[in-house]
1. How far is it, in nm, from the label point at ARG88 to the one at LEU254 when both lie 7 Å from their Cα along the line to the Cβ?
2. Among ALA210, ALA111, ALA48, whose mean-square fluctuation peaks in a Gaussian network model of the chain (Cα, cutoff 10 Å)?
3. Quick check on the stretch 1-127: of the DSSP beta bridges with both residues there, what percent are antiparallel, nearest 5%?
4. Find how much the distance from ASP26 to ALA230 grows on full extension, using 0.36 nm per residue of separation minus their present alpha carbon separation; answer in nm with one decimal.
5. Which order results if MET180, MET242 are arranged by neighbouring Cβ count within 10 Å, fewest first?
6. Per residue of the stretch 170-186, what does 6.51 cos²θ - 1.76 cosθ + 1.60 with θ = phi - 60° give for ³J(HN,Hα)? Whole Hz please, x for Gly and Pro, Karplus curve as stated.
7. Go ahead and set up a Gaussian network model of the chain, Cα springs under 10 Å, then flag whichever of THR121, THR160, THR23 fluctuates most.
8. Looking at the chain, send over the antiparallel percent of its DSSP beta bridges, to the nearest 5.
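Where a number appears in this text, it was derived from the coordinates with a stated rule and is not lab data. Remember, it's a predicted structure, so these values are computed and weren't measured experimentally. Glycine gets a Cβ as well: all are built from the backbone with ideal geometry, and neighbour counts include every protein chain shown.
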Amino acid sequence: MSNTDFATLELSAHEGVAHIRFTRPDLVNRFDDLAHEEFATALEIVTADENARALVISAEGRVFSAGGDFDEIIEARASAAMRQRMARNAKRVFGSLVNLHVPVVAAVQGAAAGMGATIVTLCDIVVAYRHAKIADPHVAVGIVAGDGGIIGWSQAIGVTRAKRFLLTGDAVTAEQGFAMGLVTDLADSAEDALPIAQGIAKRIAALPCAGVQGTKRAFARLTQQAALAAFDLGLAYEMESMTRLEVAEAIAKLRK
């Protein structure tokens with residue numbers, strides 16, 4: 001594996017554990033068009049790697065990911081082509097992550113919002129700094145939470161609680177998420193999240209792969225079935241919501 005072709009992340013592997021690390025802390029590891037494409041490509045590379053036994057996803061800086069790019073969201077209001085590209089990228093990321101044949105361990109050292117939170121909820125194991133905040137604030141800017149958050153949050157904490165947080169955009173701390181089932185392992189400091197995640201991934205990588213990968217694929221079927229019910233519809237609603245003037249107005253208020 002090589003990271004030389006990526007501008008938004010690094011991809012590496014060691015002893016069966018692949019590692020995707022978001023590397024734009026100055027941009028709070030936001031998910032713009034390029035980040036979506038590179039993340040999906042990195043996941044596809046891991047999928048094709050016969051030596052991969054587990055994957056760790058982490059990030060540099062104080063923020064795991066702040067989610068979508070506001071400038072692109074505003075631009076998408078008047079551009080059907082951009083909305084179509086956004087939908088394609090969202091489907092590609094969701095499918096690549098959910099269908100991955102190896103377990104995925106998230107190391108959440110800081111805030112995860114929007115798309116960042118979606119990635120976290122779709123991982124198999126989530127190690128998070130206990131004070132890190134996790135939120136899906138799509139509704140706060142007038143956008144439907146259609147990029148996979150409805151699926152991920154519902155599976156992690158149940159439909160009723162998912163409604164509570166996706167319909168308000170309210171954040172939870174990792175400690176609160178642990179009590180709900182959103183987070184599986186807590187770290188006492190931001191710096192501890194990655195080593196703990198890597199330790200779990202190494203333990204998984206050392207196990208006989210047929211048992212692990214078969215179990216992972218069976219769990220993935222549950223997510224795939226949930227996606228059949230709601231993912232495409234939610235994504236279509238999200239793209240339509242981007243055409244509304246209120247989205248640009250909400251973003252302008254947040255930027256003040």
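1. In this crude spin-label approximation the distance works out to 2.5 nm.
2. ALA210
3. The antiparallel fraction comes to roughly 30 percent.
4. Taking 0.36 nm per residue and subtracting the Cα distance, the gain is 70.0 nm.
5. Fewest to most other Cβ atoms nearby, the residues stand as MET180, MET242.
6. 3J(HN,Hα) across the stretch 170-186, in whole Hz: 4, 8, 10, 7, 4, 5, 5, x, 4, 5, 8, x, 6, 10, 9, 9, 9.
7. Highest fluctuation among the options: THR160.
8. Counting DSSP beta bridges with both partners in the chain, the antiparallel share is about 30 percent.
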